Amino acid sequence: MLEFKETAGKEADKAVKVVLLPENGADLERIGKIASAAEIKMLKAAVKNRGFKFENGKKLVIDDGRQKFILFGVKNKPTAQEARLVGAAAAGMVKKDKEAALFLPAGWEKNAADAALGMELELYSFDKYFTRKKDDEFNQTEKVYLIPEKGGIDAKAMENMRALANGVRYARDLSNEPGNMLTPEVMAADVKRLEYLGIEVEVVPVEKLEEKGFKLLYAVGKGSENKPCAVIMKWRGNPARKDWDIALVGKGITFDAGGINLKTASGLIDMKRDMTGAAVAAASLKILALEKRRINAAAVLVLAENMPDGGSYKPDDVIATASGQTVEIVNTDAEGRLALADGLWYASTKLKAKKVIDIATLTGAIMIALGSEFAGLFSNDDKMAEALLKAGQESGEKLWRMPLCEEFGKMLKSDIADIKHHSSGRGAGSAVAAMFLQSFVGGNAKWAHLDIAGCDTRSTPKPTEPKGGTGFGVRVLYEYIKGLSPEKK
């Protein structure tokens, strides 16, 4: 991760100077903290000669061989997401420089943490398995000086930014791992390491799954040589209270071959990332622990490989669940909702969480409906849904509310069991899956389901989301959970 340091300017002399100036106040005389009188004169001449206007989003690079300046036109009062995008744009232009200095005009000191987060997210790369890349092919930036024109930078906001960036990077690292390296057991062991932060982590091994109530998860993963397991994480930031403010449930299919309903060759591509929901849930608790946030939060990670084998579960099987319901299996490639059902049951009835959110790369249907710009939101509570939608706007990870209705639930009527887990038709695929999940939410818990399929990865990078795993969900959940805790920052 980057090192950020607030400074008055002098120690940043050798750094590339990134100058942010608002379009209604673009006076280069303001940047005396980072530029000499001669440099300001040179910059003014370059701006005039090139006809540069400090308009929002416009950039100009000036390099005289001794000092490099990057001039940015910005809004005077940006939103948090706009400041992050400016930070991302700046990061993209300094990634081959070891040090950069970011000049923040008056008022922008309030946006320093957001700009820094944009830089952190933009400069992320997963380089673990490269052996032939040259050093200069990697991102070089190590240190960023933050130089406010006036006032000081909120130290607490910067501390929270570091925790959030750490969480996003952790989720991305997990989702970028290949399936042969990140099996259910390996992922559980990686999450177990988070106990050093004060998180309680219980790993439920395959031989204990059915006893603990994870019967559907066991069925999904029993056909693989890499056996399934569940992970129960607990962060008790407010130990005076016993109950849980929120529980997250994450789908962790470390590789999804489809089971007996084997996927096509093209459908198998990128199925290593079918565990992103579990990565996001684990990363979310990591952030809370790093911040020592005064909230009680739990996470249930349901981890398995969905593989074809003589011992795999099959279409037409009926499985008795810990919830008391029997489930008819229709298609073994709809495994995620089965694993999540156990997690939702455990979170709502065993942990008795007041609010439960599951997050999963669940359906291709949501990608058809929303593409890769929005994740689907389903909820049984309007206020919870509204708060999540607002968190999506503030975080830049946008959600779109989708419908739940009894008509969709009727599509899960089984002739042999209490419920089947997949409809026979193709219509309303995401909503039907959500209706199945809802039937396993007990204890009057307020519940939301985030279907992040399509948002979990980028084949073409976009600002703050480099190619590969995006860690989508960490930021929106962070914004939402902040609203549940006593400290709002």
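The values are calculated or read from the model by the stated rules, or taken from the named source; none is laboratory data. Bear in mind the structure is a predicted one, so any value in this text is a computation, not a measurement. FYI the Cβ positions are ideal-geometry reconstructions off the backbone, even for glycines, and counts take in every protein chain you see.
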Scanning segment 191-223 residue by residue, those among the acidic types (Asp, Glu) and within 17 Å of ALA298 (Cα to Cα) turn out to be GLU195, GLU200, GLU202
Filtering segment 299-351 for residues that are assigned to a loop (DSSP other than H, G, I, E, B) and farther than 17 Å from ILE419 by Cβ leaves a count of 9
For segment 110-150 the number of residues that are part of a helix (DSSP H, G or I), surrounded by fewer than 23 Cβ atoms within 10 Å (Cβ to Cβ) and not acidic (Asp, Glu) is 1
Residues in segment 48-58: is at least one in contact (Cβ under 8 Å) with a residue 24 or more places away in the chain and farther than 20 Å from LEU28 by Cβ? no
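Per-residue answers, yes or no, for (1) in contact with a strand residue (DSSP E or B) (Cβ under 7 Å, 6 or more places away or on another chain); (2) surrounded by fewer than 24 Cβ atoms within 10 Å (Cβ to Cβ):
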position: MET275; (1), (2): yes, no
position: SER284; (1), (2): yes, no
position: ALA289; (1), (2): yes, yes
position: ARG294; (1), (2): no, yes
position: VAL300; (1), (2): yes, no
position: PRO308; (1), (2): no, yes
position: ILE319; (1), (2): yes, yes
position: SER323; (1), (2): no, yes
When segment 100-115 is checked residue by residue, the ones that are at negative phi and out of contact with any Leu (no Cβ under 7 Å at 6 or more places or on another chain) are ALA100, ALA101, ALA106, GLU109, LYS110, ASN111, ALA113, ASP114
The condition from (1) buried (at least 24 other Cβ atoms within 10 Å of the Cβ); (2) more than 23 Å from ALA171 (Cα to Cα); (3) charged (D, E, K, R) that LYS251 misses is numbered (2)
Here is a check on your reading of the model: is VAL18 outside the structural domain of GLU394 (by TED's automatic domain parsing), assigned to a strand (DSSP E or B) and within 30 Å of ASP173 (Cα to Cα)? yes
When restricted to LYS350, LYS390, LYS314, LYS354, the only residue closer than 21 Å to GLU211 by Cβ and surrounded by fewer than 18 Cβ atoms within 10 Å (Cβ to Cβ) is LYS350
Among GLU195, GLU210, the single one that is acidic (Asp, Glu), more than 16 Å from PHE4 (Cα to Cα), without any contact (Cβ under 8 Å) to a residue 12 or more places away in the chain and touching a helix residue (DSSP H, G or I) at 6+ places or on another chain (Cβ under 6 Å) is GLU210
Pairs returned, first residue in segment 30-45 that is closer than 14 Å to LYS17 by Cα, second residue that is among the aliphatic types (A, V, I, L, M), beta-carbon separation under 6 angstrom, 6 or more apart or interchain, are ILE31/VAL19; LYS33/ILE147; ILE34/ALA101; ILE34/ILE147; ILE40/LEU28; LEU43/LEU28
Note to self: Scan segment 325-335 and tell me whether some residue there is at pLDDT 95 or above and over 21 Å from LYS251 (Cβ atoms).
What the structure shows: yes
Result of the Cβ filter at 9 Å on segment 417-433, keeping first residues that are acidic (Asp, Glu) and partners that are at pLDDT 95 or above and part of a strand (DSSP E or B), at least 6 apart or interchain, is ASP418/THR326; ASP418/VAL327; ASP418/GLU328
Out of (1) farther than 28 Å from GLY213 by Cβ; (2) hydrophobic (A, V, I, L, M, F, W, C); (3) surrounded by fewer than 17 Cβ atoms within 10 Å (Cβ to Cβ), the one ILE416 does not meet is (1)
Looking only at segment 463-475, decide whether some residue is aliphatic (A, V, I, L, M), crowded, with 24+ Cβ neighbours inside 10 Å, touching a residue at least 24 places away in the same chain (Cβ under 8 Å) and within 26 Å of THR349 (Cβ to Cβ).
no
Per the filter on segment 3-21, residues at pLDDT 95 or above and crowded, with 17+ Cβ neighbours inside 10 Å are PHE4, ALA15, VAL16, LYS17, VAL18, VAL19, LEU20, LEU21
With criteria (1) over 28 Å from ALA320 (Cβ atoms); (2) charged (D, E, K, R); (3) buried (at least 19 other Cβ atoms within 10 Å of the Cβ), LYS242 comes up short on (3)
